[in-house]
Amino acid sequence: MKQISQKKWYPWFVVGLLWVVALLNYMDRQMLSTMKVAMEGDIQELQTAENFGYLMAVFLWIYGLMSPMAGLIADRINRKWLIVGSLGVWSGVTLTMGYATTFDQLYVLRAVMGVSEALYIPAGLALIADYHRGNTRSLAVGIHMTGLYIGQALGGFGATVAHTWSWQTAFHSFGLVGVAYSVVLMVFLYEKRSDEKTEKAPAAEKSFDLFSGLKSVRHSLGMLFGTLSFWVILFYFAAPSFPGWATKNWLPTLFSDSLNIDMSMAGPLSTFTIALSSFIGVIGGGLLADRWINTNVRGRIYTGAIGLSLMIPALLLLGFGTSFVNVVGGGVLFGVGYGMFDANNMPILCQFVSPRHRAAGYGLMNMTGVFAGAFITSWLGKSTDDGNLGHDMAFLAIPVALAV
């Protein structure tokens, strides 16, 4: 069976395998954002947007804290089994959330999900980067990112399932799918290291040496933080994360309020709008960047900057729009721009960071972005209670403009 990993088509097969993992990653985390109304009848603390914001934010704080550690771990152990374990745990947590009866139980489970989901993205993207070198990297990463967007869209159907059956059924069914798919990965996914030394002697495959391990971690962090370009990339990644996470967690509420429609309709409409437009942006941005890099070393950076530029008017339309055309149009424009930006984050990092430090580098980038998202998620919860969600969403164009 392992012989298939040597086939020419296998690098794209890996993208396909991990595409499904990315879908499940975002579907399981996103569905909660659309089920507030369905759940608040059973769990009274969820009746205030501020408490709901705390529930959404704890995932982000834990996810952010774990991201650098997840990257450091992924650079040192077999990424196949890290991905399989991560998927199995967060899917089991999703399944268990269907049995929760109190706010505290949901809060703890959401925190555990933050730990398990954080382990996936650095490992998954680093594995794809090792399978795809040269002028296929942005497209490969971009295709993988479409799984996140489709998962976000399908997560919007959590509200529909909850409305038709129950919110418990939504958690149970989506969790079982993830547990089953982890078995598929056990059979068909294989590790690959582009750095020969790393492949021959990853830390986890030798006898455990605490001193050597700590020295290796310190070396990785020193290499990353000692590079000025990496600090620039951290800011470039963090600034758009404010509106990026705001749309993930609060766009269903914004659509419901601005268009005066029920959440069972606003959930799928908002998530599908962002997901489908991001799909277009990430594929287009990947193709453009892979072509541009052949003639200009800054091609991927410029492509990301174009995407960020599209997000600025999009946020103004989302924040101040009241008609269907303005709000949905703003969502489409935002999705296209964010997709172009998202497709090129790991490929840009690869231009500055060696293969043995890439997962750690992306983990640190993920941490800065997620911390920004955790802050904005809690803040917009209070903003929603005060009736200022749209107004404050529009102001998120400011950090994006600074990133451009």
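Taking every protein chain into account, the accessible area of region 214-403 amounts to 38 square angstrom per residue (probe 1.4 Å). Using C-alpha pairs below 8 Å separated by at least 6 residues, the relative contact order for region 1-129 is 33 percent. Taken along its three principal axes, the alpha carbon spread of region 214-403 comes to 54, 38, 27 Å, from the longest extent down to the shortest. Over region 214-403, Cα pairs under 8 Å with separation of 6+ residues give a relative contact order of 34 percent. Rounded to the nearest 20 debye, the dipole magnitude of the chain is 1780 debye, with +1 charges on Lys and Arg beta carbons, -1 on Asp and Glu beta carbons, and the Cα centre as origin.
Sorting W61, W250 on solvent-accessible area from highest to lowest, probe radius 1.4 Å, gives W61, W250. Checking every one of the trypsin sites (Lys or Arg not before Pro) in region 100-189 against DSSP loop status and a limit of 14 other Cβ atoms within 10 Å picks out R133.
Scaling against 2.2 N^0.38 Å puts the C-alpha radius of gyration of region 1-189 at 1.06.
Centroid-to-centroid, using Cα positions, region 110-162 and region 253-270 are 25 Å apart.
In order along region 36-43, the phi-based Karplus estimate (6.51 cos²θ - 1.76 cosθ + 1.60, θ = phi - 60°) of 3J(HN,Hα) comes to 4, 4, 5, 8, 5, x, 8, 10 Hz; Gly and Pro are listed as x. Average accessible surface for region 1-124: 37 Å² per residue, computed with a 1.4 Å probe over protein heavy atoms with every protein chain in place. Work through the residues other than A49 whose Cβ is under 10 Å from its Cβ and net out their charges, Lys, Arg +1 and Asp, Glu -1. Cβ neighbours under 10 Å give a net charge of -1.
A straight chain from S354 to I280 at 0.36 nm per residue would run longer than the Cα-Cα distance by 23.7 nm.
The convex hull of the Cα atoms of the chain, projected and averaged over all directions, covers 18.6 nm². The packing ranking, built from the mean of other Cβ atoms within 10 Å per residue, places the peptides 66-74, 220-228, 177-185, 10-18 in the order 66-74, 10-18, 177-185, 220-228, highest first.
Helical content alone sets the calculated 222 nm signal of the chain at -26000 deg cm²/dmol, taking -39,500 (n - 2.57) per DSSP H segment of four or more residues and averaging over every residue. A crude spin-label estimate for the pair V404 and I261, with each label 7 Å from Cα along the Cβ direction, gives 2.8 nm.
Computed from the Cα positions only, the extents of region 245-322 along the three principal axes stand at 49, 21, 17 Å, in decreasing order.
If R0 equals 22 Å, the separation of the Cβ atoms of R291 and K8 corresponds to a calculated FRET efficiency of about 0.50. Looking at region 87-173, the chymotrypsin sites (Phe, Trp or Tyr not before Pro) that sit in a DSSP loop and have at most 13 other Cβ atoms within 10 Å of their own Cβ are Y99, W165. The slack in the chain from H219 to Y302, taken as 0.36 nm per residue of separation less the alpha-carbon distance, amounts to 26.8 nm. Solvent-accessible area of the chain (1.4 angstrom probe, protein heavy atoms only): carbon and sulfur portion equals 66 percent.
The values are calculated or read from the model by the stated rules, or taken from the named source; none is laboratory data. In this text, all values refer to a predicted model and were calculated from it rather than measured experimentally. Don't worry about glycine lacking a Cβ; one is built from the backbone with ideal geometry, like all the others, and counts go over all protein chains shown. To get the accessible areas, we keep the full protein, side chains included, count just its heavy atoms, and leave off ligands, DNA and RNA. Shrake-Rupley method; radii C 1.70, N 1.55, O 1.52, S 1.80 Å.
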